[in-house]
1. Confirm whether Glu106 is farther than 27 Å from Thr142 by Cα, of a type outside the set (Gly, Ala, Ser) and at pLDDT below 90.
2. Test Ala109 against the criterion of being crowded, with 16+ Cβ neighbours inside 10 Å, touching a Lys or Arg at 6+ places or on another chain (Cβ under 7 Å) and over 30 Å from Phe39 (Cα atoms), and give yes or no.
3. Restricted to the range 78-106, and to residues that are in a helix (DSSP H, G or I) and buried (at least 16 other Cβ atoms within 10 Å of the Cβ), which residue is nearest to the chain's Cα centre (by Cα)?
4. Could you look through the range 13-28, keep only residues that are of a type in the set (A, V, I, L, M) and in contact (Cβ under 8 Å) with a residue 40 or more places away in the chain, and pick out the one that is nearest to Ala78 (Cα to Cα)?
5. Regarding Gln14, is this residue over 20 Å from Leu89 (Cα atoms) and either surrounded by fewer than 14 Cβ atoms within 10 Å (Cβ to Cβ) or more than 18 Å from the chain's Cα centre (by Cα) (or both)?
6. Quick check on the range 130-144. Is at least one of its residues surrounded by 14 or more Cβ atoms within 10 Å (Cβ to Cβ) and not in a loop (DSSP other than H, G, I, E, B)?
7. Return the residues of the range 215-237 that are exposed (fewer than 11 other Cβ atoms within 10 Å of the Cβ) and either in contact with a Phe, Trp or Tyr (Cβ under 8 Å, 6 or more places away or on another chain) or over 26 Å from Leu147 (Cα atoms) (or both); say none if nothing qualifies.
8. Looking at (1) more than 25 Å from the chain's Cα centre (by Cα); (2) over 30 Å from Glu255 (Cβ atoms), can you tell me which one Asn210 breaks?
Amino acid sequence: MGDTAGSLFERLVQVMATLRAPGGCPWDREQTRESLKAFLIEEAYEVLEALDQGGSEKLQEELGDLLLQVVFHAQIAAELGEFTVKEVLTSVTDKLIRRHPHVFGEGRAETAAEVLSNWERLKQAERGGAKEVSALAGVPKTLPALLRAQRLQDKAARVGFDWGETAQVLEKVEEEFAELKAAMGKGAEATEAELGDLLFSVVNLARFHNLNAEEALRKCIEKFTRRFRHIETVIAERGKSLMESSLEEMDALWEEAKIGEEPGRDR
C-alpha cells in the first residue's frame with residue numbers, strides 16, 4: 001500500500017521541523033510570524049488565481065504552498081511552547097463535528113440557510129453566549145474591503161437585519177448614487193462618504209444575487225488588464241507608443257479586444 005494522507009502530512013511536519021532546527025535552513029530559521037504574514041496572503045491569492053485559470057495541476061501546487069504556511073506557523077507556535085500542529089488538527093476537526101450536529105449528532109437541518117443559522121448559534125454559545133459577543137464577530141478587519149463588507153452583511157442577515165427583496169436593494173443603490181452625485185460639489189470628504197455608501201449598497205446587491213462582489217471586481221480587473229494589454233501590443237506592433245496614439249485609436253482597439261473575447265470568435 002502507498003503512503004496515507006496522514007503519513008504524508010506527518011512527513012511535511014517533520015521536514016518543516018528540520019528546516020527550523022539548528023543546522024537547518026538559514027532562511028527558514030530567520031522567519032517570524034510577522035515576516036510570514038505577506039507570504040500567507042500571497043499564497044492564498046495564488047490559490048484564487050489557480051482557481052480562476054482552471055487546471056488541477058496548478059491548483060494542487062498552490063494548495064500545497066498554502067498548506068505549507070499553516071505548517072510553518074504551527075511549527076513556530078510549537079517552538080514557543082504554545083501549541084502543536086496536532087492540536088490545530090484536533091481543534092478544527094472537533095469544531096467541524098460540533099457545529100454539524102445534523103450530520104454527527106441528533107440535530108436537524110434541511111437547508112443551507114438552517115445550517116448557517118445553527119452554525120452561528122453554536123459559535124455564539126462557544127464564545128460565551130449571544131449577549132456577550134456581537135453578531136458581526138469573526139470577520140477580520142484585514143480582509144479586502146468588498147469581501148469584508150459582504151461578510152458583515154451576511155452576518156447581519158443571519159439575525160434578521162436585511163432587506164426583504166432585491167428590488168429594495170436596487171432602490172437603495174439608486175438612492176446612494178443620487179446622493180453621491182449631490183455630494184460631488186461639497187468637497188472630497190462628503191464625496192468619499194457617499195462613494196463608500198454606494199459601494200456598500202452595490203455589495204448588498206451582489207449578495208442578493210448570490211454573487212461575490214470581491215470576485216466580480218477581481219474578474220473585471222483581469223478583463224480590463226487583458227483588453228488594455230491588447231491595446232499596448234497592437235500599438236507597439238504599429239511602431240508607436242501609447243502617448244503617440246489618440247484616444248479614438250485606443251477605443252477602437254478596446255472594442256476589438258471585446259469582440260475577440262466573444263464565444264465562437266478567433267482571438
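1. Numbers: farther than 27 Å from Thr142 by Cα: yes; of a type outside the set (Gly, Ala, Ser): yes; at pLDDT below 90: yes.
Judged against the criteria, Glu106 is a match.
2. On the way: crowded, with 16+ Cβ neighbours inside 10 Å: yes; touching a Lys or Arg at 6+ places or on another chain (Cβ under 7 Å): no; over 30 Å from Phe39 (Cα atoms): yes.
So Ala109 does not fit the description; no.
3. From the range 78-106, those in a helix (DSSP H, G or I) are 78-79, 85-98, 101-104; that's our starting set.
If we keep only those that are buried (at least 16 other Cβ atoms within 10 Å of the Cβ) too, we end up with 78, 85, 88.
Numbers: Ala78: 28, Val85: 24, Val88: 22 Å.
The selected residue is Val88.
4. Start the filter on the range 13-28 by keeping residues that are of a type in the set (A, V, I, L, M), which leaves 13, 15-17, 19, 21.
Filter once more, so that each one left must be in contact (Cβ under 8 Å) with a residue 40 or more places away in the chain: 13, 16-17.
Working: Val13: 11, Met16: 12, Ala17: 10 Å.
Ranking the qualifying residues of the range 13-28, first place goes to Ala17.
5. no
6. Checked against the condition, which is being surrounded by 14 or more Cβ atoms within 10 Å (Cβ to Cβ) and not in a loop (DSSP other than H, G, I, E, B), the range 130-144 yields no hits at all.
7. The first filter runs over the range 215-237 and keeps only residues exposed (fewer than 11 other Cβ atoms within 10 Å of the Cβ), leaving 220-221, 225, 237.
Residue satisfying the conditions is Glu237 alone.
8. If we test Asn210 against (1) more than 25 Å from the chain's Cα centre (by Cα); (2) over 30 Å from Glu255 (Cβ atoms), just (1) comes out false.
The values are calculated or read from the model by the stated rules, or taken from the named source; none is laboratory data. The model shown is predicted, which means the values in this text are computed figures rather than measured ones. A quick note on method: Cβ atoms are made from the backbone with ideal geometry, for glycine too, and the neighbour counts reach across all protein chains shown.
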